[in-house]
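A.B. asks: One structure, as structure tokens, below. Some questions next.
The values are calculated or read from the model by the stated rules, or taken from the named source; none is laboratory data. No experiment lies behind these values; they were computed from the predicted model shown. In this analysis, Cβ positions are derived from the backbone assuming ideal geometry, glycine residues included, and neighbour counts consider all displayed protein chains.
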Amino acid sequence: MPTIVPDIMKKLEIDAALVSRILETFIREEITRTGFSRAVVGVSGGIDSATTVTLCARALGPENVLAVRMPYRTSSPSSLEDAQAVIDMLGIRHETVDITPMVEPFFEVTPDMDKKRRGNVMARERMIVLYDRSAAFGGLVVGTGNKTELLLGYTTLFGDSACAINPLGDLYKCQVRQLAAYLGVPKRIIEKPPSADLWVGQTDEGELGFTYDEADQILYLLFDRRWTVAEIVALGFPEGLVKGIKERVRRNQYKRMPPVIAKLGLRTVGIDFRYPRDWGT
């Protein structure tokens, strides 16, 4: 059975109305400061993308948001239906781009690829599509990753992690569920098992080997509260699980950082040449 500590889950509760207002302002300010007024979001039928695209519609107006569905031939039909339900609910612009004919030729010349490698190819192909639509639609790509995924490194570098801004990046998965409920995301999307839908039967928790609720509690204690492994284990969490999650976060630090540049000159990008992200806007 998953380890759940009610007191910890209580501390992870958010004021969803306030969070929504903050994130809508964030989206509007960060997009308009660059001279844009539109957003492009990959909508998968999952809770993260549904929440993100809803925030974008509220922040920018439905007419300024493009939702893109990007199925592969093995994608679940229910995922497409759930994505369409959100699109219809918001009244936003939308497009469906089948990535099957884009990735299959590469799979054919690389027949030894395992499921993980194939999934990474699909994630990166979807980002190619989104950035092309970004240029065509005149909108910035808005990311959908949450804090749990970012800390665990449960993301494809230059795939689903690529974006111009990320409104959900400081919300744990359980907090995204709270926000989604406030925003009116369909209940079936909130309650269904999270899945990247990269292969038949794939679920996030099945691949990770633990539940999001377990990860959220442990990550919150480790990194927000700075507890030690021993202190967390004393609450009843398995020691191997806590150590494994901590090591996973450490090992995936490179995914959360810009590429490291070797310093040779007087001022080096990212080392001595450092300005706020909105410098010049």
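A.B. asks: Pick from the range 60-80 the residues that are charged (D, E, K, R) and under 20 Å from D197 (Cβ atoms): which of them is surrounded by the most Cβ atoms within 10 Å (Cβ to Cβ)?
C.D. replies: Start the filter on the range 60-80 by keeping residues that are charged (D, E, K, R), which leaves 63, 69, 73.
From the residues that got through so far, the ones that are under 20 Å from D197 (Cβ atoms) too are 69, 73.
Numbers: R69: 21, R73: 10.
Per the criteria, the residue is R69.
A.B. asks: When both residues are 6+ apart or on different chains and their Cβ atoms are under 9 Å apart, which pairs have a first residue that lies in the range 132-151 and is at pLDDT below 95, and a second that is assigned to a loop (DSSP other than H, G, I, E, B)?
C.D. replies: Nothing qualifies.
A.B. asks: Okay, moving on. Can you find a residue in the range 260-268 that is modelled with pLDDT under 95, among the hydrophobic types (A, V, I, L, M, F, W, C) and under 23 Å from D160 (Cβ atoms)?
C.D. replies: yes
A.B. asks: Sticking with this structure for a sec: Evaluate the following for L264: is it in contact (Cβ under 8 Å) with a residue 24 or more places away in the chain and more than 27 Å from the chain's Cα centre (by Cα)? Full working, then the answer.
C.D. replies: On the way: in contact (Cβ under 8 Å) with a residue 24 or more places away in the chain: no; more than 27 Å from the chain's Cα centre (by Cα): yes.
Spelling it out, it is not the case that L264 is in contact (Cβ under 8 Å) with a residue 24 or more places away in the chain and more than 27 Å from the chain's Cα centre (by Cα).
A.B. asks: Another one. Against the condition under 18 Å from M70 (Cα atoms), modelled with pLDDT under 95 and under 12 Å from the mean Cα position of the chain (by Cα), how does A162 come out, does it pass?
C.D. replies: Against the criterion (under 18 Å from M70 (Cα atoms), modelled with pLDDT under 95 and under 12 Å from the mean Cα position of the chain (by Cα)), A162 does not qualify.
A.B. asks: Here is a follow-up. State which residue is surrounded by the most Cβ atoms within 10 Å (Cβ to Cβ) when the search covers only the range 81-121 and only residues that are in a loop (DSSP other than H, G, I, E, B) and of a type in the set (A, V, I, L, M, F, W, C).
C.D. replies: I92
A.B. asks: Kindly list the number of the only condition in (1) over 17 Å from E149 (Cβ atoms); (2) acidic (D, E); (3) touching a residue at least 60 places away in the same chain (Cβ under 8 Å) that fails for E191.
C.D. replies: For E191, the failing item is (3).
A.B. asks: Across the range 132-156, which residue is surrounded by the most Cβ atoms within 10 Å (Cβ to Cβ) among those that are closer than 22 Å to F223 by Cα and among the aliphatic types (A, V, I, L, M)?
C.D. replies: Applying the filter and picking the extreme gives L151.
A.B. asks: Being out of contact with any helix residue (DSSP H, G or I) (no Cβ under 8 Å at 6 or more places or on another chain), at pLDDT below 95 and of a type outside the set (D, E, K, R) narrows it down to one of P101, P111, so name that one.
C.D. replies: P111
A.B. asks: Sticking with this one: Among D170, D204, which is closer than 29 Å to D132 by Cβ, of a type outside the set (F, W, Y) and in contact with a Pro (Cβ under 6 Å, 6 or more places away or on another chain)?
C.D. replies: On the way: D170 fails: in contact with a Pro (Cβ under 6 Å, 6 or more places away or on another chain).
Only one candidate passes the filter, namely D204.
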